[in-house]
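Everything below concerns the one structure shown next.
The values are calculated or read from the model by the stated rules, or taken from the named source; none is laboratory data. Bear in mind that the values here come from a model prediction, so they are computed numbers and not experimental data. Reconstructed Cβ throughout: ideal geometry from the backbone, glycine too, with neighbour counts over all protein chains shown.
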Amino acid sequence: MGRLKDIGARLRELGRELGAGVAGGVEDSGHSALYLRQLLRGNRERRAWRPRGEVPATPPGQPPVLLIHGYLATRGSLHLLERQLTERGLVVMTYSLGPVHLGDIRDSAGLIARKVESIVAQTEVTHVDIVGHSMGGLVGLDYLKRLGGRHRVRRLIMLGTPTHGTWSALLGLVSLQLLPGSPFLRELADRPLPAGAEVISIGAIRDWLAPLSSTVLDGIRHIALPTGHSGLLVDDEVAKVVADLLLDGPPPGSVDAAHGSP
C-alpha cells in the first residue's frame, strides 16, 4: 500500500511538472516541432543536406563522433546535430537502433560495441567520441562501463540523460529501465567509471522528461543549458557547445558551476 501511495504521489508531482512544462513551453515549442520533423525522417541513410560554406579540415588525431539517439527515436532525430558537427570539421556517424528505439539498453550497448569494433577492424581509428541523447547517453555509458568501451571511448557526452532515472517512465513515455531505482540503473551505478575516458553530462534547464537534477552524476562534469529536451538536439547554441567540447574548446553560453560541476 505504501508503495502505491508513493507512486500516486509521484504521478501527481509529474502531472504538476508536465502542466508547468506545457504552460511555460512556448519558447521551446519551435524546437519540439523541429525535432518531430527530424524524427519522422526515420532511419534513411542518405543525407538530404549539403554543408553551408567551406568545411574546416578535421583536426589531426580527432576521433570520429558516434551519435546515439534516444528511446522512441530514430536516426532522423540526430540529423541537425550531425549537420552542425560535420560543418565544424568533425567526422560523424549514426546507426539505427531499430525502426524506433524500443529495445533493452543493454542490447543497444552491445550493438554499439560491435559497430565500434567493426570500425576499428576496418580503419586506422582506435578511439571514438560518443554523444548520446536521452536514453542514448545511457547506452553509451553502459558500453563504456560494462562492454569494454573504456578501451575505445575518448569522450562521452550525454545530452538530457536521466542517469538517476525519471518518473516520466510511469507515463510510459520512456523505458521502465529509466524508472528511479530500477535494477538496470542500480547495476550501472554500481559499476565504477573507468579511468581514461572523459564523461560530460549536459542537462536542459527546461526539461521535464529528464529534469536537470536527474542528469547530474557525482564526479562527472555537468553543464546546464537554457533549453528543453528536444532543444538539446536541434538548438544551434547546444550544437556549438557540443562541438567545442569535442574539439577541446571551452563550452560557451553554459550555466555550469551553478548546476553541479565538480
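Annotations for the structure displayed:
- Of all residues in the stretch 202-245 being among the polar types (S, T, N, Q) and out of contact with any strand residue (DSSP E or B) (no Cβ under 7 Å at 6 or more places or on another chain), the one that is farthest from Thr163 (Cα to Cα): Ser230
- Residue list for the stretch 57-93, filter: within 15 Å of Gly140 (Cβ to Cβ) and more than 14 Å from the chain's Cα centre (by Cα): Pro63, Pro64, Val92, Met93
- Residue pairs whose Cβ atoms lie under 6 Å apart, sitting 6 or more positions apart in sequence or on different chains, and linking a residue in the stretch 194-215 that is at negative phi and of a type in the set (Ser, Thr, Tyr) to a partner that is surrounded by fewer than 24 Cβ atoms within 10 Å (Cβ to Cβ) and at pLDDT below 95, are Ser201/Leu217; Ser201/Ile220; Ser214/His164.
- On inspection, Gly137 fails the criterion of being touching a Leu at 6+ places or on another chain (Cβ under 7 Å) and part of a loop (DSSP other than H, G, I, E, B).
- Residues of the stretch 173-202 classified as among the acidic types (Asp, Glu) and under 17 Å from the mean Cα position of the chain (by Cα), total: 1
- A search for C-beta distances below 9 Å between a residue of the stretch 144-167 that is closer than 15 Å to Ser182 by Cα and any residue that is of a type in the set (Lys, Arg), counting only pairs 6+ apart in sequence or on different chains, returns Trp167/Arg10.
- Filtering Thr86, Thr123, Thr161 for residues that are in contact with a strand residue (DSSP E or B) (Cβ under 8 Å, 6 or more places away or on another chain), surrounded by fewer than 23 Cβ atoms within 10 Å (Cβ to Cβ) and among the hydroxyl-bearing types (Ser, Thr, Tyr) leaves a single hit, Thr86.
- Whichever residue in the stretch 93-109 is of a type in the set (A, V, I, L, M, F, W, C) and surrounded by fewer than 20 Cβ atoms within 10 Å (Cβ to Cβ) and, among such residues, is nearest to Ser182 (Cα to Cα): Leu102
- Listed conditions (1) under 18 Å from Met135 (Cα atoms); (2) in contact (Cβ under 8 Å) with a residue 40 or more places away in the chain; (3) in contact with a strand residue (DSSP E or B) (Cβ under 9 Å, 6 or more places away or on another chain) are all met by Thr94, apart from (2).
- Checking Leu85, Leu67, Leu78, Leu39 one by one, the residue that is at pLDDT below 80 and aliphatic (A, V, I, L, M) is Leu39 and no other.
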